[in-house]
Ligand code: NAD
């Protein structure tokens, strides 16, 4: 496992968003002194900003902007993408596909800048959808992406961008790292507005119901669909370990929890945290994605001797508390980022 020097210039793309914002904070807390955070969102809309970090507002679908972003970089973490939960990726496939521009230009710019290492945030949506038709799904292992039948739009874009990472290593010798994230949740992420994912959406619905004195909430699908959910602190630690592991160069690997839960169970955990019990209305026409998806962590455990293991109850309590604060702040007329 190699490490970088504390004064290496590290670039994090998508840093106004959830995971990359947390990654910048993780790196700053570990003493890295030259961090450059990049996102197309205006700075006041970033979820987190760490002191002493250079922040650039650039649209990375533009090649010249990618060159500017990667200038002098020693390491580049590319987490910028036009994405959201199922409600977004099922409805806006073209936007998802267009992230290929970001990924194509960023990897080339990183290579031209002479970066030592390049990280790409892939997704469990690359996996063959035929293997995900049952809620009691077999956990997905890395080889299950091929033969390919990825999620339309978003999943195919990720699969193609993984391939870029593999070829930049094989043809040009740039060390690339590829993590396939399974659902990530935690504070400082999207919790409202249409791009939020299930854990944040469910916390918000429970908080809303409590606040309004409602006795029910709406669930997308029949609630039996299953997923695993990884807490954000496990995700940032995993990114660091994967990025600096030479055994994993240009090798896609799962980064996710293997604790399989149904959406109904997720609602029960959120209710327990909120101290309420609500009636459930199921919207069977709402977007719900594949029937089941879980992460097989044999490879990450074998190579890194580690896997994401924050219990859902623990991580969701922290997420719930943060969303509740945002909700109350917004209600009180204070500025929030959703
Ligand atoms: P996010 O939406 O919070 O962050 C993505 C950021 O990228 C946003 O701040 C957005 O403004 C920025 N961005 C979009 N287009 C851009 C552009 N043209 N130029 C510059 N910045 C741009 O999402 P996230 O949850 O933090 O996801 C980060 C990465 O992880 C993405 O690549 C995503 O596909 C991947 N991923 C996330 C999850 C998850 O559960 N959150 C699961 C699988 C994969």
(request) Return a yes/no flag: does the range 185-197 have any residue that is over 15 Å from residue 323 (Cβ atoms) and surrounded by 24 or more Cβ atoms within 10 Å (Cβ to Cβ). (result) no
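So that you can scan it fast, the table gives a plain yes or no per residue for (1) under 26 Å from residue 165 (Cα atoms); (2) assigned by TED's automatic domain parsing to the domain that holds residue 122; (3) out of contact with any strand residue (DSSP E or B) (no Cβ under 7 Å at 6 or more places or on another chain):
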site: 245; (1), (2), (3): yes, yes, yes
site: 279; (1), (2), (3): no, no, no
site: 284; (1), (2), (3): no, no, yes
site: 305; (1), (2), (3): yes, no, yes
site: 324; (1), (2), (3): no, no, yes
(request) Find the residue count for the range 1-44, including only residues that are part of a loop (DSSP other than H, G, I, E, B), within 13 Å of the ligand (Cβ to nearest atom) and surrounded by fewer than 17 Cβ atoms within 10 Å (Cβ to Cβ). (result) 2
(request) Restrict the check to the range 155-167 and report whether at least one residue is assigned to a loop (DSSP other than H, G, I, E, B), touching a strand residue (DSSP E or B) at 6+ places or on another chain (Cβ under 9 Å) and within 15 Å of the ligand (Cβ to nearest atom). (result) no
(request) Could you give me the residue pairs with C-beta distances under 6 Å whose first residue belongs to the range 80-92 and is closer than 18 Å to residue 103 by Cα, whose second residue is at pLDDT below 85 wherever it lies, and which are 6+ apart or on separate chains? (result) 84/195
(request) Sort through 200, 139 and tell me the only one that's surrounded by fewer than 20 Cβ atoms within 10 Å (Cβ to Cβ) and touching a strand residue (DSSP E or B) at 6+ places or on another chain (Cβ under 7 Å). (result) 139
(request) Determine whether residue 239 is outside any loop (DSSP other than H, G, I, E, B) and more than 11 Å from the ligand (Cβ to nearest atom). (result) no
(message) When the residues of the range 45-73 are narrowed to those that are more than 20 Å from the chain's Cα centre (by Cα) and away from the ligand (no atom under 13 Å from the Cβ), which ends up farthest from residue 115 (Cα to Cα)?
(response) 51
(request) Inspect the range 214-231 for any residue being modelled with pLDDT of 95 or more, within 14 Å of the ligand (Cβ to nearest atom) and in contact with a helix residue (DSSP H, G or I) (Cβ under 7 Å, 6 or more places away or on another chain) and give the result as yes or no. (result) yes
(message) Quick check on my filter: what residues within the range 168-192 are under 16 Å from residue 252 (Cβ atoms) and either without any contact (Cβ under 8 Å) to a residue 40 or more places away in the chain or within 13 Å of the ligand (Cβ to nearest atom) (or both)?
(response) 178, 179, 180, 181, 182
(request) Please state which of the following conditions residue 234 fails to meet, knowing it meets all the rest: (1) in a helix (DSSP H, G or I); (2) closer than 30 Å to residue 212 by Cβ. (result) (2)
(request) Of all residues in the range 100-129, count the ones that are surrounded by 24 or more Cβ atoms within 10 Å (Cβ to Cβ), in a helix (DSSP H, G or I) and within 11 Å of the ligand (Cβ to nearest atom). (result) 6
(request) Being over 16 Å from residue 70 (Cβ atoms) and surrounded by fewer than 16 Cβ atoms within 10 Å (Cβ to Cβ) is the filter here, so list the residues in the range 50-59 that pass it. (result) 51, 52
(request) Go over the candidates 196, 247 one by one and state the one that is assigned to a helix (DSSP H, G or I) and either touching a helix residue (DSSP H, G or I) at 6+ places or on another chain (Cβ under 8 Å) or over 16 Å from residue 86 (Cβ atoms) (or both). (result) 247
(message) If I go through the range 294-338 residue by residue, how many of them are closer than 30 Å to residue 132 by Cα, touching a residue at least 40 places away in the same chain (Cβ under 8 Å) and not in a helix (DSSP H, G or I)?
(response) 10
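The values are calculated or read from the model by the stated rules, or taken from the named source; none is laboratory data. Just so you know, these numbers come straight off a predicted model, no measurement behind them. Note that each Cβ is placed from the backbone with ideal geometry, even for glycine, and that neighbours are counted across all protein chains shown.
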